[in-house]
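The values are calculated or read from the model by the stated rules, or taken from the named source; none is laboratory data. Since this is a predicted model, take the numbers as computed values, not measurements. We place every Cβ from the backbone using ideal geometry, glycine too, and count neighbours over all the protein chains shown. Protein only, heavy atoms only, side chains kept; ligands, DNA and RNA dropped before computing areas. Shrake-Rupley method; radii C 1.70, N 1.55, O 1.52, S 1.80 Å.
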Amino acid sequence: MSHASNKIERHLIESVEPLSTPCYVYSVSEVEKNYHDLKSALGTQLIYSLKANSNLDLLVRCGHVFVDGIEMASIGELNLLANGKATRYINNPSADKAFIRAAIASKCVLVIDNIEQINIVAEFIGKRPLNAVVLRINHEVLDHYIDRTKKSRPNHFGFDISSLKAAIIRCAELGIKVQGIHVFQGSDAFNDTAMLTAQSALSLVKDVENWLGYPLTMLNLGGGFSSNWREGGFDFSRYRSLLSEFPNHINLVHESGRGIVASAGYFLTSIRYIKKIDQRRYAICDGGMAQNFLLAKTETAFKRYQEPKIFSHNLKRELTLEETSKKDNDTYLIVGTSCNKDDIIGQVTANSLSIGDTAVFANCGAYHASYRVAPFLHLPDPKTYIVE
Ligand SMILES: *Cc1c(COP(=O)(O)O)cnc(C)c1O
């Protein structure tokens, strides 16, 4: 059993602080470990992408972890963290004047997506101190430098080559300093794209420095780390030696959301009823897609439901492998409370499920708590607990 689920088990047994389900449990030490392991595998700075998990209690407990900065994409996120020591980056193609004004007022670094955003920034020049900005580059720009056989899907983020040149001219006219550029290939794309991204960025930064007429001080190479990035077989040491080819005056950074928080979070729901319809068995739980929409896999064509661990309240421990049988007719679908026939959030094969048992889903620390259809049926919000 994993380290953190041990901690959860303790809460379930000892009832020091009884966990009320449905709930999310986040482990501070797991966040810390993921952050440090990923950062040292990369050998660069590592920015936390707040949208993956913006639970305030967790952020407060992890304040000391995210030393290299936090990236935010909305004014709501900015309001959560209006102050703070770590550098805060603001990045969203739709950022409007109110958001940009608030970001400048709270001394954020702006990651600029389009020319109009530069014009908005210009309105605040002289009224407020302005950090040097970062320009976001559309990932297709990298294809100008290296011919890829497998191109990433087009998206609407950042500048293409000609608008990038125009943006650099506009910044020069307005006296806005550019400190760096930012590329991002998309979530889960790191293993497939990182080497080529870094290779093309080596040429791209030279061009950008020529167009600017002065050196860049930072390059954000993006991220796209999967929740199980340790298992992908990626050759980090070869990657680090490629990164060592960047000139010393450029501070390299990566960013990650799920690679840091996904495996540090758990979703717990308890079994209310067990029933059988023909040969199908169901465990009807106190939580489901209303509290954890992503587990229901409604957005994937081929659903493979996650298998939670089962904490047995009768035995006061997790069911062991022997107690989880491999016979198909002992398979239970775990269903929630929403009256939606797609409210199936997991499946478990066990020969002794009991009412009151708690299903513990791993890997729910990123996006699960926030990506929800909350108003539906007025179902309860999940509780949140932070453990060491
Ligand atoms: C959302 C986002 C991330 C984080 O993605 P993960 O898959 O959670 O790591 C990083 N960079 C940018 C620009 C993003 O929009």
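The number of residues in the stretch 257-287 that are part of a loop (DSSP other than H, G, I, E, B), more than 16 Å from Ala52 (Cβ to Cβ) and at pLDDT 95 or above comes to 2. Exactly one residue out of Ser203, Ser241, Ser227 is in contact (Cβ under 8 Å) with a residue 24 or more places away in the chain, open to solvent by 30 Å² or more (accessible area, probe 1.4 Å) and closer than 30 Å to Ala264 by Cβ: that is Ser227. Considering the stretch 293-335, the residues that are of a type in the set (Asp, Glu) and open to solvent by less than 50 Å² (accessible area, probe 1.4 Å) include one that is farthest from Leu12 (Cα to Cα), namely Asp330.
Counting only strands (runs of 3 or more DSSP E) that sit completely within the stretch 143-256, those holding 1 or more residues that are in contact with a strand residue (DSSP E or B) (Cβ under 9 Å, 6 or more places away or on another chain), away from the ligand (no atom under 15 Å from the Cβ) and modelled with pLDDT of 95 or more correspond to 178-183, 251-256.
Within the stretch 60-82, being part of a helix (DSSP H, G or I), more than 16 Å from the ligand (Cβ to nearest atom) and free of Cβ contacts under 8 Å to residues at least 24 places away in the same chain holds for Val60, Asn79. Is it fair to say Ala290 is farther than 27 Å from Leu135 by Cβ, part of a loop (DSSP other than H, G, I, E, B) and open to solvent by less than 30 Å² (accessible area, probe 1.4 Å)? When the stated conditions are applied, Ala290 passes them. Scanning the stretch 336-386 for residues that are of a type in the set (A, V, I, L, M, F, W, C), surrounded by 20 or more Cβ atoms within 10 Å (Cβ to Cβ) and part of a strand (DSSP E or B) yields a total of 6.
Checked against (1) small (Gly, Ala, Ser); (2) within 25 Å of Asp57 (Cβ to Cβ); (3) more than 20 Å from the chain's Cα centre (by Cα), Ala122 passes all but a single condition, namely (2). Screening the candidates Asn53, Asn79 for the property of being within 30 Å of His156 (Cα to Cα) and open to solvent by less than 20 Å² (accessible area, probe 1.4 Å) yields one hit, Asn53. If you scan the stretch 356-388, which residues turn out to be polar (S, T, N, Q) and within 17 Å of Pro18 (Cβ to Cβ)? Once the filter is applied, which keeps residues that are polar (S, T, N, Q) and within 17 Å of Pro18 (Cβ to Cβ), the stretch 356-388 yields Thr358, Thr384. Apart from one condition, Val261 fits all of (1) of a type in the set (A, V, I, L, M); (2) crowded, with 24+ Cβ neighbours inside 10 Å; (3) more than 30 Å from Val205 (Cβ to Cβ); the exception is (3).
When every residue of the stretch 60-71 is checked against the conditions, at least one turns out to be in contact with a helix residue (DSSP H, G or I) (Cβ under 6 Å, 6 or more places away or on another chain) and among the basic types (Lys, Arg).
Just one residue in the set Asp57, Asp37 is away from the ligand (no atom under 16 Å from the Cβ), acidic (Asp, Glu) and outside any strand (DSSP E or B); that residue is Asp57.
Need the failing condition index for Leu135 against (1) at pLDDT 95 or above; (2) open to solvent by 80 Å² or more (accessible area, probe 1.4 Å), just the number. Status for Leu135: all satisfied but (2). Farther than 20 Å from Tyr273 by Cα, away from the ligand (no atom under 16 Å from the Cβ) and within 24 Å of the chain's Cα centre (by Cα) - does that describe any residue in the stretch 350-366? Checking the stretch 350-366: at least one residue is farther than 20 Å from Tyr273 by Cα, away from the ligand (no atom under 16 Å from the Cβ) and within 24 Å of the chain's Cα centre (by Cα).
All but one of (1) open to solvent by 10 Å² or more (accessible area, probe 1.4 Å); (2) part of a strand (DSSP E or B) hold for Ala98; which doesn't? For Ala98, the exception is condition (2). Return the total of residues in the stretch 107-122 being out of contact with any helix residue (DSSP H, G or I) (no Cβ under 8 Å at 6 or more places or on another chain) and surrounded by fewer than 18 Cβ atoms within 10 Å (Cβ to Cβ). So the count comes out to 2.
Go through the residues of the stretch 91-105 one by one and say whether even a single one is more than 21 Å from the chain's Cα centre (by Cα) and among the β-branched types (Val, Ile, Thr). Yes: the stretch 91-105 contains one or more residues that are more than 21 Å from the chain's Cα centre (by Cα) and among the β-branched types (Val, Ile, Thr).
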